[in-house]
Amino acid sequence: MLPGKRILLIISGGIAAYKSLDLIRRLRERGATVRCVMTDSATQFITPLSVSALSENKVYGDLFSLTDEAEMGHIQLSRDADLVLVAPATTNILAKMAQGISDDLATTVLLATDKDVIAAPAMNVRMWEHAATRDNVSTLKSRGVLFAGPTEGDMACGEYGEGRMIEPLEIVTEIEHYFSAAAPLAGRRAIVTSGPTHEAIDPVRYVANRSSGKQGHAIAAALAGMGAETILVTGPTAEANPAGVKIVRIESAREMHDAATGALPADIAVCAAAVADWRPAEILEGKIKKTKGGAPPCLDMVENPDILRSLSAAGNQRPALVVGFAAETDNVLANATAKRERKGCDWIVANDVSPDTGTFGGDRNTVHLITADSTDDWPAMAKSDVAERLAEHIATHFANLREAAE
Ligand code: PMT
């Protein structure tokens, strides 16, 4: 799986370009976002329209396009990816890469990128065996370019030998290996809670809150993107399922409690859900009737189980790192600090949820990460960026634990 991974696919002009279409599909099936750059000669083999339709993204090709440069300059294109893949990589593009030639968008992006590059060569056997290509390949390898294939087989030109591009699924496997080796949370298991809970009053009514699930879902996606096996226990939301994450859908706080504690053991727990603190003491079997002149009903409430507290006190099943959120409207830092101690979690992410902040339901959040011995104030940012940054802190925490144990 490649949840949330951003692949920049450079398609150069060889007959194997037709396989790039399947490659795009396979990468996207696994949760990757694919953005494509085509060389002029690649467009002789497949059309930008097909590439755009399959990638569901704009296709780039013109170094001097004013619109492209304004929307997504070639430098940004080269940096805004987790990995650059050249498939097919012709002998021509490999030669240009080795010599540092940048005479079109594809080669300019390859020169400007600060990301790892995997090349999947595709060419005639004589071209692959030519001394010039051998030299170029070894120069590129010495500079850290990774190679996927080529393999041996029948060629489109009728010859047989080494030079065939490996199959799209084999390229995908190479990419999965690349990311799993590099994934900082590979081998870790994470439980994330997200969204509101609905506490039933009668068959048609419930008590709830305004949580959209955006923050919790983004955290689950970020942890999965860093290689953690992630279980997302979510209340009712309109958010899409993050790729590569196991989803457990629940309605009430009690169901969320059972699902989250039932998912133990885990290494990481992040409780971003806005769990109802109380629920109606009894759920009526029939709809409460409104009677003319009758008094409005009174709801007796009882306290819900506290999921964060239960995970923090789970004995030998306690995750090594338990992170809570604190939704506060006043004295944000002081209340959140006290909440961290009261609930027994390791870190708490404090966020101001006063109505004018738009935190509940909005796309942005301003948070403070509070640990036992520090408070880190983060600037206002997109919830997806809060999630990425939190996941990075979590990864660093585990890297430090590993280092200390060695
Ligand atoms: O969903 P969004 O629209 O993206 O909004 C995100 C958010 C504002 C909901 C999120 O960032 C957030 O702050 N989540 C916690 C909301 C909350 O219920 O805070 P609290 O201060 O009431 O609870 C403190 C912590 O205890 C939280 O980690 C909460 O998940 C947990 N808790 C609370 C009650 C309960 N019965 N069980 C719990 O686990």
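The values are calculated or read from the model by the stated rules, or taken from the named source; none is laboratory data. Please read all numbers here as calculations on a predicted model, not as lab measurements. Note that we place each Cβ from the backbone using ideal geometry, even for glycine, and neighbour counts take in every protein chain shown. The protein model used for the area step is the full one, side chains on, heavy atoms only, and it has no ligands, DNA or RNA in it. Shrake-Rupley method; radii C 1.70, N 1.55, O 1.52, S 1.80 Å.
Looking at the chain, what % of the alpha carbon pairs are farther apart than 40 Å? Walk me through the intermediate numbers first.
Details: 26970 of 82215 pairs.
Pairs farther apart than 40 Å: 33 percent.
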- Message: Run the helix sum for the chain: -39,500 (n - 2.57) per DSSP H stretch of 4+ residues, divided by residue count, reported at 222 nm to the nearest 500 deg cm²/dmol.
- Response: -10500 deg cm²/dmol
- Net charge near S354, counting Lys/Arg +1 and Asp/Glu -1 over other residues with Cβ under 10 Å of its Cβ? -4
- Item | Projected label distance in nm at L146 and L111, using a 7 Å step from Cα toward the beta-carbon | 2.5 nm
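Sort 118-124, 186-192 by the packing proxy (mean of other Cβ within 10 Å over each peptide's residues), most packed first. Don't skip to the answer; put the middle values down first.
Working: 118-124: 25.3, 186-192: 22.3.
Highest-to-lowest ranking by the protection proxy: 118-124, 186-192.
Just the number please: accessible area per residue for region 249-406, 1.4 Å probe, all protein chains included, in Å². Intermediate results must be reported in sequence, preceding the final value.
Numbers: 8780 Å² over 158 residues.
For region 249-406, the solvent-accessible area averages 56 Å² per residue.
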- Item | Selection from W347, T396, G362, by position along the positive dipole direction of region 313-406 (Cβ) | W347
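Counting only heavy atoms of the protein chains, get the accessible area per residue of region 6-182 (1.4 Å probe) and round it to a whole Å² value.
Numbers: 8100 Å² over 177 residues.
Each residue of region 6-182 exposes 46 Å² on average to a 1.4 Å probe.
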- Task: Run through all the Cα pairs of region 6-182 and give the fraction in each 5 Å bin from 0, expressed as whole percent.
- Result: 1, 9, 18, 23, 22, 15, 8, 2, 0, 0
- Task: Taking 7 Å along the Cα-to-C-beta vector as the label spot, tell me the D135-D300 distance in nanometres, rounded to one decimal.
- Result: 8.9 nm
- Task: Tell me the label-point distance for the pair A404, A382, using the 7 Å Cα-to-Cβ offset, in nm and rounded to one decimal.
- Result: 3.4 nm
- Task: For K383, go through the lysines and keep the ones whose alpha-carbon is under 26 Å away, minus same-chain ones fewer than eight residues off.
- Result: K5, K58, K115, K214, K246, K339, K343
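In the chain, carbon and sulfur make up what percent of the accessible area (probe 1.4 Å)? Walk me through the numbers before you get to the answer.
Details: 9710 of 19440 Å².
Ligands and nucleic acids excluded, carbon and sulfur reach 50 percent.
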- Note on the structure: With the charge dipole of the chain built from beta-carbon charges (+1 for Lys and Arg, -1 for Asp and Glu) about the Cα centre, the Cα from H217, V51, M155 projecting farthest to the positive end belongs to H217
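Can you work out the FRET efficiency for the pair D202 and E56, with r the C-beta to C-beta distance and R0 = 60 Å, to the nearest 0.05?
Working: r = 43 Å, r/R0 = 0.72.
After rounding, the FRET efficiency stands at 0.90.
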- Packing-based order for 392-398, 322-328, 304-310, using average beta carbon neighbours within 10 Å, highest first: 322-328, 304-310, 392-398
- Hey, what do the phi angles of region 31-41 turn into as Karplus ³J(HN,Hα) couplings, whole Hz, using 6.51/-1.76/1.60 and θ = phi - 60°, x for Gly and Pro? x, 7, 9, 10, 10, 10, 10, 10, 7, 4, 5
- Task: Which order do the peptides 271-277, 30-36 take when ranked by the mean count of other beta-carbon atoms within 10 Å per residue, highest first?
- Result: 271-277, 30-36
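Compute the FRET efficiency between M72 and A338 as 1/(1 + (r/R0)^6), taking r as their Cβ-Cβ distance and R0 = 35 Å, and round to the nearest 0.05. Present the calculation step by step, with values, prior to reporting the outcome.
On the way: r = 46 Å, r/R0 = 1.31.
About 0.15, to the nearest 0.05.
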